[in-house]
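Taking it in order: structure first as C-alpha coordinates, then the write-up.
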Amino acid sequence: MASATAVGVLVLGALTGCSDNGQDSRPHSTASSATSSELALPTPRSAPAPAASLSPAATPGEVRISDGPFTDRVRITKLALAKGPAAVTGHLVVTSDVSDLIALELRAAYYDAQGRLLGTGSFEHAEEGEAAHAHGGHSGPQAENEGIDFTIPAKGIQGTPAAAVVSIPVLVNE
(Lines give C-alpha, C1' and ligand atoms only; values in the text may rest on other atoms or scores of the structure.)
Protein backbone atom coordinates (compact mmCIF):
# COMPACT_ATOMS: atom_id res chain seq x y z
CA MET A 1 0.00 0.00 0.00
CA ALA A 2 2.84 2.40 0.88
CA SER A 3 4.53 1.85 -2.47
CA ALA A 4 1.25 2.42 -4.34
CA THR A 5 0.78 5.68 -2.44
CA ALA A 6 4.34 6.76 -3.26
CA VAL A 7 3.82 6.05 -6.96
CA GLY A 8 0.52 7.95 -6.88
CA VAL A 9 2.21 10.99 -5.29
CA LEU A 10 4.95 10.92 -7.94
CA VAL A 11 2.44 10.68 -10.79
CA LEU A 12 0.32 13.47 -9.31
CA GLY A 13 3.42 15.66 -8.90
CA ALA A 14 4.50 14.99 -12.47
CA LEU A 15 1.06 15.79 -13.85
CA THR A 16 0.81 18.98 -11.80
CA GLY A 17 4.24 20.11 -13.03
CA CYS A 18 3.27 19.46 -16.63
CA SER A 19 -0.19 21.00 -16.57
CA ASP A 20 -0.79 24.37 -18.17
CA ASN A 21 -2.50 26.59 -15.64
CA GLY A 22 -1.94 29.74 -17.67
CA GLN A 23 1.48 30.35 -16.17
CA ASP A 24 4.83 29.32 -17.53
CA SER A 25 6.43 27.14 -14.87
CA ARG A 26 9.85 27.16 -16.57
CA PRO A 27 12.56 29.31 -15.05
CA HIS A 28 12.91 32.63 -16.83
CA SER A 29 16.18 33.93 -18.15
CA THR A 30 17.09 37.42 -19.23
CA ALA A 31 19.27 35.97 -21.98
CA SER A 32 17.57 35.20 -25.26
CA SER A 33 17.43 31.54 -26.10
CA ALA A 34 18.76 30.22 -29.36
CA THR A 35 18.60 26.91 -31.09
CA SER A 36 21.78 25.03 -31.85
CA SER A 37 21.56 26.09 -35.50
CA GLU A 38 21.53 29.75 -34.43
CA LEU A 39 24.60 29.52 -32.20
CA ALA A 40 27.75 30.95 -33.69
CA LEU A 41 30.70 28.80 -32.73
CA PRO A 42 34.17 30.29 -32.81
CA THR A 43 36.27 29.18 -35.72
CA PRO A 44 39.44 27.26 -34.89
CA ARG A 45 42.58 29.37 -34.81
CA SER A 46 44.89 28.78 -37.69
CA ALA A 47 47.79 30.51 -39.27
CA PRO A 48 46.97 32.93 -42.06
CA ALA A 49 47.58 31.67 -45.57
CA PRO A 50 50.97 32.65 -46.97
CA ALA A 51 51.12 35.61 -49.32
CA ALA A 52 50.80 34.72 -53.00
CA SER A 53 53.85 36.85 -53.74
CA LEU A 54 56.77 38.06 -51.68
CA SER A 55 57.05 41.80 -51.28
CA PRO A 56 59.56 43.38 -51.07
CA ALA A 57 61.54 41.00 -53.25
CA ALA A 58 63.95 38.73 -51.42
CA THR A 59 67.60 38.17 -52.13
CA PRO A 60 68.43 34.63 -53.27
CA GLY A 61 68.67 32.30 -50.27
CA GLU A 62 66.99 34.77 -47.89
CA VAL A 63 64.84 33.39 -45.06
CA ARG A 64 62.55 35.88 -43.30
CA ILE A 65 60.69 35.50 -40.03
CA SER A 66 57.08 36.59 -40.23
CA ASP A 67 56.08 38.84 -37.35
CA GLY A 68 53.36 37.14 -35.31
CA PRO A 69 52.00 36.63 -31.80
CA PHE A 70 54.87 34.34 -30.77
CA THR A 71 57.92 35.87 -32.44
CA ASP A 72 58.74 37.95 -29.37
CA ARG A 73 58.84 34.78 -27.24
CA VAL A 74 61.59 33.01 -29.19
CA ARG A 75 65.03 33.56 -30.68
CA ILE A 76 65.65 31.92 -34.06
CA THR A 77 69.21 31.68 -35.33
CA LYS A 78 71.17 29.81 -38.02
CA LEU A 79 68.37 30.23 -40.58
CA ALA A 80 69.26 28.76 -43.95
CA LEU A 81 67.48 27.68 -47.11
CA ALA A 82 68.70 24.23 -48.15
CA LYS A 83 68.44 23.52 -51.88
CA GLY A 84 68.14 19.75 -52.16
CA PRO A 85 65.74 18.73 -50.93
CA ALA A 86 64.26 22.16 -50.33
CA ALA A 87 63.95 22.97 -46.62
CA VAL A 88 64.48 25.73 -44.08
CA THR A 89 66.82 24.86 -41.22
CA GLY A 90 67.58 26.75 -38.05
CA HIS A 91 67.81 26.78 -34.27
CA LEU A 92 65.04 27.98 -31.92
CA VAL A 93 65.20 28.91 -28.23
CA VAL A 94 62.16 29.91 -26.19
CA THR A 95 63.14 33.11 -24.38
CA SER A 96 59.88 34.27 -22.80
CA ASP A 97 60.04 32.17 -19.64
CA VAL A 98 61.46 28.98 -18.23
CA SER A 99 58.25 26.92 -18.26
CA ASP A 100 58.25 23.71 -20.26
CA LEU A 101 57.37 23.82 -23.93
CA ILE A 102 54.38 21.61 -24.67
CA ALA A 103 53.84 22.20 -28.40
CA LEU A 104 55.51 24.14 -31.19
CA GLU A 105 54.69 24.45 -34.86
CA LEU A 106 56.75 26.28 -37.45
CA ARG A 107 55.62 26.85 -41.04
CA ALA A 108 57.59 27.96 -44.05
CA ALA A 109 56.29 29.47 -47.28
CA TYR A 110 58.65 28.95 -50.23
CA TYR A 111 58.99 31.50 -53.05
CA ASP A 112 60.69 31.44 -56.46
CA ALA A 113 63.14 34.04 -57.78
CA GLN A 114 60.24 36.24 -58.98
CA GLY A 115 58.65 36.16 -55.51
CA ARG A 116 55.76 33.80 -56.41
CA LEU A 117 54.57 31.26 -53.85
CA LEU A 118 55.69 27.72 -54.68
CA GLY A 119 54.36 25.89 -51.65
CA THR A 120 54.69 25.37 -47.92
CA GLY A 121 56.03 23.01 -45.29
CA SER A 122 55.76 22.57 -41.53
CA PHE A 123 57.69 21.37 -38.49
CA GLU A 124 56.07 20.20 -35.26
CA HIS A 125 57.73 19.62 -31.90
CA ALA A 126 56.25 18.37 -28.64
CA GLU A 127 57.94 17.61 -25.35
CA GLU A 128 55.67 15.07 -23.71
CA GLY A 129 55.57 12.79 -20.70
CA GLU A 130 58.26 13.05 -18.05
CA ALA A 131 60.42 15.20 -20.31
CA ALA A 132 57.80 17.93 -20.38
CA HIS A 133 57.56 18.04 -16.59
CA ALA A 134 61.06 17.49 -15.28
CA HIS A 135 64.10 19.10 -16.86
CA GLY A 136 66.43 16.82 -14.92
CA GLY A 137 65.06 13.64 -16.50
CA HIS A 138 65.11 14.89 -20.09
CA SER A 139 67.97 13.51 -22.12
CA GLY A 140 67.58 15.62 -25.29
CA PRO A 141 67.56 19.34 -25.97
CA GLN A 142 64.65 21.42 -24.72
CA ALA A 143 63.45 24.51 -26.55
CA GLU A 144 63.34 26.56 -23.35
CA ASN A 145 66.94 25.71 -22.36
CA GLU A 146 69.62 25.19 -24.98
CA GLY A 147 67.06 25.19 -27.78
CA ILE A 148 66.22 22.83 -30.60
CA ASP A 149 67.37 22.47 -34.18
CA PHE A 150 64.59 22.32 -36.75
CA THR A 151 64.08 21.46 -40.40
CA ILE A 152 60.96 22.58 -42.27
CA PRO A 153 60.82 20.49 -45.46
CA ALA A 154 59.02 21.87 -48.51
CA LYS A 155 56.15 19.61 -49.54
CA GLY A 156 54.89 19.21 -53.08
CA ILE A 157 56.45 22.36 -54.52
CA GLN A 158 56.89 22.97 -58.22
CA GLY A 159 60.18 24.70 -58.99
CA THR A 160 63.22 25.70 -56.97
CA PRO A 161 62.70 28.00 -54.00
CA ALA A 162 64.85 31.11 -53.89
CA ALA A 163 63.54 32.44 -50.57
CA ALA A 164 61.30 31.49 -47.65
CA VAL A 165 59.23 33.07 -44.89
CA VAL A 166 58.94 31.28 -41.52
CA SER A 167 55.94 31.76 -39.22
CA ILE A 168 55.09 30.38 -35.76
CA PRO A 169 51.37 29.49 -35.63
CA VAL A 170 51.63 27.40 -32.43
CA LEU A 171 53.67 27.92 -29.25
CA VAL A 172 52.28 26.42 -26.04
CA ASN A 173 54.12 26.63 -22.73
CA GLU A 174 53.11 24.91 -19.54
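The values are calculated or read from the model by the stated rules, or taken from the named source; none is laboratory data. Given the structure is predicted, the values throughout are model-derived calculations rather than measurements. Side chains included, ligands, DNA and RNA excluded: accessible areas come from the protein's heavy atoms. Shrake-Rupley method; radii C 1.70, N 1.55, O 1.52, S 1.80 Å.
Please list, ordered by chain and number, the residues whose modelled amide H lies under 5 Å from the amide H of Val74; skip anything fewer than 5 residues away on the same chain.
Hits under the 5 Å cutoff: Thr95.
So, for segment 47-90, what is the accessible surface per residue at a probe of 1.4 Å, expressed in square angstrom?
Solvent-accessible surface per residue comes out at 63 Å².
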